[in-house]
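What follows is a short report on a single structure.
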Amino acid sequence: MEDTFSLSGVKVAMTPMARFEEFLRSRGKRITQQRRTILEQVFSHHEHFDAENLLAELAHEGKANGKVSRPTVYRTLGELVDAGLLRKMSLNNRSVYEHDYGYPQHDHLHCEKCNQLFEFQSNEVSSIRDNVARQRNFRVTGHRLIITGICGDCMKSKSPPSRRLEMV
Ligand SMILES: [Zn+2]
Ligand SMILES: [Zn+2]
């Protein structure tokens, strides 16, 4: 699991844009240029991000032209979650988003020092989930598992300062 994003996508019937348009239509809304810009940016690469990361990306890429406001980003992220395109996780009072549509079910290790998320897939976790659900006559629609702790890099960087000086 060296690569943070080692999972490959799953086949989906519609493009995220088509699915979002359909969702908006069902709510009597239209896809605006701002919503389009946000969706394109979000689906240009798989990442774990929060609203502020996305705002910074939009500004950096010059796509926003100052036209995508902070409230619009927050509102659109909520719509993308409701449309089943994004998945939202709460980590240390921070809302973190990632692709759900077209991306396989997976779980996360969360480093509490550097805040990085590492993805993994485990058949054992899925089989525990299915067994527990079966005992309760429960229909599974998904699950979330976040393992918290300290990542390998952060543990390494814990070495005392005196040793680092010797190395210079
Ligand atoms: Zn870390
Ligand atoms: Zn993930």
Given the conditions (1) away from ligand 1 (no atom under 16 Å from the Cβ); (2) touching a Leu at 6+ places or on another chain (Cβ under 7 Å); (3) in contact (Cβ under 8 Å) with a residue 12 or more places away in the chain, report the number of the one that ARG30 does not fulfil. (3)
Filter result (within 14 Å of THR76 (Cβ to Cβ) and acidic (Asp, Glu)) within the range 23-51: GLU40, ASP50
Which count do you get for residues in the range 74-100 that are within 16 Å of ligand 1 (Cβ to nearest atom) and modelled with pLDDT of 95 or more? 1
The residue that is farthest from ligand 1 (Cβ to nearest atom), considering only those in the range 101-117 that are over 12 Å from the mean Cα position of the chain (by Cα) and of a type in the set (A, V, I, L, M, F, W, C), is LEU109
What number goes with the only condition from (1) modelled with pLDDT under 95; (2) among the aromatic types (Phe, Trp, Tyr); (3) farther than 29 Å from GLN116 by Cβ that PHE23 does not pass? (1)
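The values are calculated or read from the model by the stated rules, or taken from the named source; none is laboratory data. Note that the coordinates shown come from a computational prediction; the quantities given were computed from them, not determined experimentally. Please note: Cβ atoms are built from the backbone with ideal geometry, for glycine as well, and neighbour counts cover all protein chains shown.
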